[in-house]
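Notes to accompany the following structure.
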Amino acid sequence: MSSPSLIAVRDDSSMNNSSPGPRAGGPTPRRSFTPKQKLDHLAAYEDAISGNGGGAYLREQGIYSSQITEWRKLRDAGVLQGKKPGEKIGRLTPEQAEIARLRRQLELTERRLETTGVALEIMSKMHELLENLSKSSRDETPQTKP
């Protein structure tokens, strides 16, 4: 029979850093945002996107893109408007989600319609210009050499 062997373990104080570590003060409380803060972050993020700085804004504020996506859905459904700080927002009902989806679709369709209207206006002016050029070329009689 063999006897268990004991191994001496030495306490190496050089291994212990003077820094307390990531959770020295205990867990940090979870951040929460009021509806107004969410709307402000959405507006600032959308401004940053126009200048190609959306990712930098998220990193600077410590916000995830998934939060922005969720807040957009809430904003588009009208859930963030008129809420007081601390008031529960909750999840969207199926009707609210459908309304938000339809609003986004309507906004996209309106932008396309506006673009199409401008394109039609340009085409109409081009058609008019070509007609005028065609008439003026027919009205001019060709000069013949005697």
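Every read-out reported here was derived from the displayed coordinates using simple, explicitly stated rules and does not represent laboratory data. Remember, it's a predicted structure, so these values are computed and weren't measured experimentally.
Derived scalar couplings between HN and Hα for region 27-44 equal x, 7, x, 6, 6, 9, 10, 6, x, 5, 5, 4, 5, 5, 5, 4, 5, 5 Hz in order, rounded to whole Hz, by the Karplus curve 6.51 cos²θ - 1.76 cosθ + 1.60 (θ = phi - 60°), x for Gly and Pro. Rounded to the nearest whole Hz, the Karplus-based 3J(HN,Hα) values (6.51 cos²θ - 1.76 cosθ + 1.60, θ = phi - 60°) of region 110-115 follow the sequence 5, 5, 5, 4, 4, 5, with x at glycine and proline.
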